[in-house]
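Coordinate-derived values only; no laboratory data. Computed from a prediction, not measured in an experiment: that's the story for all the values here. Glycine gets a Cβ as well: all are built from the backbone with ideal geometry, and neighbour counts include every protein chain shown.
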Amino acid sequence: MAAQIIDGKALAAKIRDEIKREVQELNTDGIYPGLAVILVGEDPASQIYVRNKHRACQGLGIKSWQYNLPATTSQQELVDLVKSLNTKAEVSGILVQLPLPPHLNAEAVIETIRPEKDVDGFHPVNQGRLLAGLPGLVPCTPAGIMELIKESGVRVEGSECVVVGRSNIVGKPQALLLLQQNGTVTVCHSRTKNLGEVTKRADILVVAVGKARLITKEMVKPGAVVIDVGTNRLPDGKLVGDVDFATVSQVAGAITPVPGGVGPMTIAMLMKNTVEATRLVMR
Ligand code: GUN
C-alpha cells in the first residue's frame, strides 16, 4: 500500500494562521514581534532561505529587518551588530544565517546572541536547556518535525526512533525531542556500521545527512513514518531528499515529500519562536 504523504506545506500554513492570530492579539496590547536576520556573503541557497523567512514574517504581520553584510565582514563587525540588536527593544528575535564565510567563527557569533532572542535555538544556553528538558527556544527544524510526526498520527512514546545525522542543527536536538516524548532513540551517522539494519528497526525514521537518496526501500520497516530533512540538488537540477521517495513510499506508512515536507515547517517554527522570543524578552 502506498504511504500517506505528510503535507508539510498544508500543516505549515495552518500553523502560520494560528501564529498570525497570536500576533494580532499581541498587537492589540501594543506588542510587536520583530525578527532581525543577518546574512553574510552571497551564498545563493542562503539568499533564498533568508528571502523566504522575510516573506513569512510579512505574511504574519511580524516586523523584519534584513542585514546583508559583505563576505569580507570581520568577526568584530558581526559581533558588534549582534550586540547592538541585543539591546534594541523592537527586535525580539535575531537569526544569523549559516553557513558563515570560513574566516568567521559561527560559534563565537552565536554565543553573543542574547539567549532570549536566539530564535534558532543554537545558543549553548538553549542547547543546554533542551538537554536538561527545561523550557526554552528549540531549533526550528526538529521542532517542526515533531509537529509532522504528530500529524502522521503515530505515538512517539514507546516507539523505536532512529535519527540519521548528528548535527547540532537537526540530528542532536531531534534525538533529544524524541527522547523527551519517551521514544527509544538511536542516533546513526557516517561511521555507523550496517546502517540499513539499524534504520529498519525504526517506527519513526528521521534522516538529515545531505546525501541524495541514501535511504532505500530495503532500509525501511513496513509501515514506518519517514521524515526526510535532506535537500539535495542533482546535476540535472532536480531537488531530492535523503530518502529515495519513489521506492520508500511503497513500504512506509507515512512519508514527507521533498520539497513540501520539512522545509515549510522549519519556517513556520521560526515564526513561532519569534513570537515566543517576544514574550521571553519582556520577562
Ligand atoms: N542554515 C541552514 N539551516 C539553518 C537554520 O535553521 N538556521 C540558520 N540560521 N541557518 C541555517
message: If the reach is capped at under 16 angstrom between alpha carbons, list the lysines near K200, excluding any in the same chain fewer than eight residues apart.
response: K217, K221
task: Excluding residues on the same chain fewer than 8 positions from K211, give the aspartates and glutamates whose Cα lies under 14 Å from its Cα.
output: D228, D242, D244
statement: Unit-weight point scatterers at every alpha-carbon of segment 55-120, Debye formula, q = 0.14, 0.19, 0.22 1/Å: log10 I(q)/I(0) is -0.43, -0.77, -1.00
statement: Dipole check, the chain, charges on Cβ (K,R +1; D,E -1), about Cα centroid: among L60, A108, G158 the Cα furthest to the positive pole belongs to G158
- prompt: Hey, what does the equivalent ellipsoid look like for segment 188-236, semi-axes from the Cα gyration tensor as sqrt of 5 times each eigenvalue, largest first, whole Å?
  reply: 19, 13, 10
- prompt: Where the convex hull is taken over the Cα atoms of the chain, what is its projected area averaged over directions, in nm²?
  reply: 14.8 nm²
statement: Which of K53/K117; K9/K83; K193/K238 exceed 26 Å between C-alpha atoms? The answer is K9/K83; K193/K238
- prompt: Between segment 216-281 and segment 144-166, what is the C-alpha centre distance in whole Å?
  reply: 12 Å
field: Phi to ³J(HN,Hα) by Karplus 6.51 cos²θ - 1.76 cosθ + 1.60 over segment 182-187, Hz, x for Gly, Pro
entry: 6, x, 9, 10, 10, 10
- prompt: Which angle between 0 and 90 degrees, to the nearest 10, do you get for helix 140-152 versus the longest principal axis of the chain when only C-alpha atoms count?
  reply: 40 degrees
- request: Please list, in chain and number order, the residues 5+ apart from W65 or on another chain whose amide H is under 5 Å from its amide H, with Hs placed from the backbone.
  value: L35, A36, V37
message: Of M219, L177, L195, which is farthest towards the positive pole of segment 158-283's charge dipole, taken about the Cα centre with +1 and -1 on the beta-carbons of Lys, Arg and Asp, Glu respectively?
response: L177
- request: State the antiparallel share, in %, of DSSP beta bridges confined to segment 99-230, rounding to the nearest 5.
  value: 0 percent
